[in-house]
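Would you mind keeping the following structure in view while I ask a few things?
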DNA sequence: AGCTAAGCGGAACGCTCTTCCAGAACTATA
DNA sequence: TATAGTTCTGGAAGAGCGTTCCGCTTAGCT
């Protein structure tokens, strides 16, 4: 999920614990919010709190790591979907995946805007990873002649996020239909 | 600042303490954020923590009360300004006052969107107090023939808030100039 | 197998939230 | 003004969480 890129590789158990903590934190952040007790996360991961603090000295480190892991997972879904489905379906499925990510992110949003400098680089990371991901899907679909060209992947990400913010307040199905509509709008008319 | 409207009037010392707590909370929220230690607020107000909890059992009660007090103060400034200045100047001054309020509110924003049901009624309170406040200033200026009629006070509040959100990131002076521009736009051309 | 250093767990400490109640302070009444 | 009755106050006490620290464990190497 996350590997350190320093000279010494991390010990196996350490890497295992980091992954377990990331999984646990993602889950706990979703249920109990970002201010959940550290022990709750450590317990769920099956490690002591000392281990948590060893790898993530500050809470913001953990939040950041969870966020990046989710961005990575979402970005990595793009090539996988592209391999399994035809271009437009892959794009559709990926955008749904992306809205799920946005829903998760909502819990982290207040933390992200808290002014902690640890989070300053995250928006750039977000665009840097997700932009190329949609970009490749869009290019593939456009190359197949299935959709019209889109000005910029970034605009699409932004538009979908706006769409899913307003949608969350009401019926979640409603948001899904709106997104489908957007994708249909991308297609060339017969 | 805030008075209880129940049958029994509040004891004098109690009312004094409530006001002191509100002042202190407003100040502390501004410097240390809404998660500041309760003791810090109590100390600044010159009361014990017990007193704080008596009047504001939940932290959200205090946040809400501070917010409402600020809304009230901002709304009450309208008639005062109207009495002292000619219509357009009063409107101008009040809008500047309003942007100051928005700046303060930013600290509370994350709390307001936290999903706590205590805060559900606040947006309505905001419009209910501030809408008529600008409304009366606009009407007075329009009646004096100084400005063109505005579709709705609510729209103006919304527009100014949008303006001041984008402005806060950069030069504060910049935002002030933009606001002045907006007010100038309201005037009838010679 | 034996050595070394990275990594682990959880006890312990300090800080904050929240409750509670004996006594102080205020108001109403005479 | 004096008194009774009530409200309100302050801070000690209990509980819970965050964070640190260090003796023990275990992976990785020879």
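Since every read-out is calculated from the coordinates, none of them should be taken as a lab result. Computed from a predicted structure; not experimentally measured. Please note: Cβ atoms are built from the backbone with ideal geometry, for glycine as well, and neighbour counts cover all protein chains shown.
Find every distance from the label point of residue B:177 to the corresponding label point in the other copies (7 Å from Cα along Cα→Cβ) and write them in nm, one decimal, shortest first.
4.8
Rounded to the nearest 500, what is the 222 nm mean residue ellipticity of chain B from helices alone, with -39500 (n - 2.57) per DSSP H run of 4+ residues and division by all residues?
Numbers: 8 runs with 141 residues, N = 190.
Value at 222 nm, helices only, nearest 500: -25000 deg cm²/dmol.
Which shape class applies to the stretch A:1-57: rounded if a/c is under 1.5, otherwise prolate when a/b exceeds b/c and oblate if not, where a ≥ b ≥ c are the square roots of the Cα gyration tensor eigenvalues? Intermediate results must be reported in sequence, preceding the final value.
Working: a/c = 2.29, a/b = 1.93, b/c = 1.19.
Prolate, because a/c is 1.5 or more and a/b exceeds b/c.
A further question on this structure: Of all the C-alpha pairs in the protein assembly as shown, what % are more than 38 Å from each other? Show your work: numbers first, answer last.
Working: 27708 of 72010 pairs.
Every Cα pair in the protein assembly as shown considered, those over 38 Å come to 38 percent.
From the Cα gyration tensor of the stretch A:58-186, with a ≥ b ≥ c the square roots of its eigenvalues, which class applies: rounded if a/c is under 1.5, or else prolate if a/b is larger than b/c, or else oblate?
Working: a/c = 2.17, a/b = 1.54, b/c = 1.41.
Because a/c hits 1.5 or more and a/b exceeds b/c, the stretch A:58-186 counts as prolate.
How many angstrom lie between the C-alpha centres of the stretch B:47-80 and the stretch A:23-80?
36 Å
If each of residue A:143 and residue A:16 carries a label point 7 Å out from its Cα toward its Cβ, how far apart are those two points in nm?
4.1 nm
Right, here's the next one. Kirkwood Rh and Cα-based Rg: tell me the resulting Rg over Rh for the stretch B:11-112, rounded to two decimals. Provide the component values of the computation, followed by the final result.
Working: Rg = 15.5 Å, Rh = 14.7 Å.
Reported Rg/Rh (Cα atoms, Kirkwood Rh): 1.05.
Let me ask another. Between residue A:43 and residue A:187, what is the label-to-label distance in nm when each label sits 7 Å out along the Cα-to-Cβ direction?
5.0 nm
Where the label is 7 Å out from Cα toward Cβ, how close does residue A:100 come to the same position in every other copy, in nm, shortest first?
Reported distances to equivalent positions: 5.0 nm.
Provide an ascending nm list, one decimal, of label-point separations from residue A:11 to the equivalent residue in each further copy; define each label point as 7 Å from Cα along Cα→Cβ.
6.2
For chain A, modelled as a GNM with alpha-carbon contacts under 10 angstrom, which of A:32, A:164, A:136 fluctuates the most?
A:32
Please identify which residues in the stretch A:60-80 have an amide N closer than 17 Å to a label point set 7 Å out from the Cα of residue A:125, following the Cα→Cβ vector.
A:60-77
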